[in-house]
Amino acid sequence: MARHVPVLVAGGGPVGMTLALELARRGVRCMLAERNPATTQHPKMDITNARSMELFRRLGVIDALRAVAVPEDSNFDVAWITTLAGHELHRFRYPSVEGWRQLIRETNDGTMPAEPPMRVSQVEIEPVLQRAVLAHPLVEARWGVAFEELAQDAGGVTATLRRAADGGTERVRCAWLAGCDGGTSAVRRALGIPLEGQA
């Protein structure tokens with residue numbers, strides 16, 4: 001017998017967790033299944049753009065994210081150097097969060113974002129989003145549970161999930177399945193959608 005949820009989100013990285021929080025904010029109950037047992041342990045990402053920061057503000061997690069980010073007075077410059085103690089070949093200059101805020105205040109004509117971008121690794125972003133997801137009553141979030149296969153019919157999708165802890169499977173019936181499981185997406189493969197480029 002399959003469990004029923006309105007939306008199953010396959011993948012618990014930043015995209016999947018953000019989607020789960022957005023669905024919950026709109027009153028939609030969902031289940032999030034992430035194959036890894038915990039949030040990422042490897043450095044990924046660097047800059048979170050202004051539009052993403054606007055979304056995080058709407059979701060109520062912006063202060064917690066900014067608290068784990070690079071300090072707001074640090075610039076976002078990118079420099080090419082010969083060695084760590086060597087000669088600088090070139091530098092792209094980008095303002096700090098404080099610099100961005102000043103630009104936003106000075107250009108109050110609707111062309112600037114509502115929030116500055118943020119420099120922070122995905123290693124820091126994911127635990128903040130995970131805490132918010134686990135605290136929300138409309139989200140059932142499970143780590144160590146991998147999407148395995150799907151069967152679609154006119155009424156929705158039946159997904160098979162596999163628990164890493166004991167290898168057991170369970171079926172989940174949903175109206176919508178969101179494939180947020182990254183470059184090696186099992187959802188994309190199950191749907192027969194090819195990948196162009198590298199995973």
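Assigning unit charges at the beta carbon (Lys, Arg +1; Asp, Glu -1) and nothing else, what dipole magnitude in debye, to the nearest 20, does the chain show about its Cα centre? Present the calculation step by step, with values, prior to reporting the outcome.
Details: 23 positive and 23 negative charges, 114 e Å.
Roughly 540 debye, rounded to the nearest 20.
Per residue, what volume in Å³ does the Cα convex hull of region 35-86 take up? Walk me through the intermediate numbers first.
On the way: hull volume 8.1 nm³, N = 52.
It is 156 Å³ per residue.
Helix-only estimate, please: 222 nm mean residue ellipticity of the chain, summing -39500 (n - 2.57) across DSSP H runs of length 4 or more and dividing by its residues, to the nearest 500. Write out the running numbers ahead of the final one.
On the way: 6 runs with 58 residues, N = 199.
Mean residue ellipticity at 222 nm (helix-derived): -8500 deg cm²/dmol.
Treating only the Cβ of Lys, Arg, Asp and Glu as charged (+1, +1, -1, -1), what charge dipole size does region 61-108 show about its Cα centre? Round to the nearest 20 debye. Mind dumping the intermediate values first?
Details: 5 positive and 7 negative charges, 22 e Å.
The dipole of region 61-108 has a size of about 100 debye.
With every protein chain kept in the model, how would you rank D109, D46 by accessible area, 1.4 Å probe, largest at the top? Present the calculation step by step, with values, prior to reporting the outcome.
Numbers: D109 100, D46 70 Å².
Correct descending sequence by accessible area is D109, D46.
Below 8 Å between Cα atoms, with a sequence gap of 6+, how large is the relative contact order for region 125-199 in percent?
Numbers: 82 pairs, mean separation 15.5, N = 75.
Relative contact order of region 125-199: 21 percent.
Equivalent ellipsoid semi-axes for region 88-146, as square roots of 5 times the alpha carbon gyration tensor eigenvalues: give them largest first, rounded to whole Å.
Numbers: eigenvalues 235, 73, 14 Å².
So the equivalent ellipsoid measures 34, 19, 8 Å along its semi-axes.
Would you calculate the separation in nanometres between label points at V68 and R105, each defined as 7 Å from the Cα along the Cα-to-beta-carbon direction?
2.9 nm
Using 1/(1 + (r/R0)^6) with R0 = 41 angstrom and r between the beta carbons of I81 and R171, what's the FRET efficiency to the nearest 0.05?
The formula returns an efficiency of 0.15 here.
Are there DSSP H segments in the chain that both extend 18 Å or more along their axis (alpha-carbon positions) and score a mean Kyte-Doolittle hydropathy of at least -0.5? List them, or say none.
Details: long enough: 122-135 (19 Å, 0.59).
Those that clear 18 Å and a mean of -0.5 are 122-135.
Tell me which residues come under 5 Å, amide H to amide H, from L32 once H is placed; ignore anything under 5 positions away on its chain.
V9, E140, A141, R142
Report the percentage of all Cα-Cα pairs in region 1-48 whose separation exceeds 14 Å, rounded to a whole percent. Walk me through the intermediate numbers first.
Working: 643 of 1128 pairs.
So the portion of pairs separated by more than 14 Å is 57 percent.
Considering the dipole of the chain built from charges on the beta carbon (Lys and Arg +1, Asp and Glu -1) around the Cα centre, which of V123, V9, Y94 is farthest to its positive end?
Highest projection toward the positive end goes to V9.
If I take all pairs of Cα atoms in region 60-166, what percentage of them are more than 16 Å from each other? Could you put the intermediate results ahead of the total?
Working: 4260 of 5671 pairs.
It works out to 75 percent of all Cα pairs.
What span do the alpha-carbon atoms of region 13-121 cover on each of the three principal axes, reported in whole Å from largest to smallest?
Each principal axis gives a Cα extent; for region 13-121 these are 54, 41, 20 Å.
Could you point to the label whose value was computed as Cα extents along the principal axes in Å for the structure here, given (1) 44, 38, 29; (2) 62, 39, 30; (3) 64, 44, 37?
Computing Cα extents along the principal axes in Å and matching it to (1) 44, 38, 29; (2) 62, 39, 30; (3) 64, 44, 37 gives (2).
Assigning unit charges at the beta carbon (Lys, Arg +1; Asp, Glu -1) and nothing else, what dipole magnitude in debye, to the nearest 20, does region 127-183 show about its Cα centre? Working shown, then result.
Numbers: 6 positive and 7 negative charges, 39 e Å.
Computed charge dipole of region 127-183: roughly 180 debye.
The values are calculated or read from the model by the stated rules, or taken from the named source; none is laboratory data. Every value quoted in this text rests on a predicted model; they were computed, and no experiment measured them. Every residue, glycine as well, gets a Cβ built from its backbone with ideal geometry; the counts of neighbours run over all protein chains shown. The area values use the complete protein model at the heavy-atom level, side chains included, leaving out ligands, DNA and RNA. Shrake-Rupley method; radii C 1.70, N 1.55, O 1.52, S 1.80 Å.
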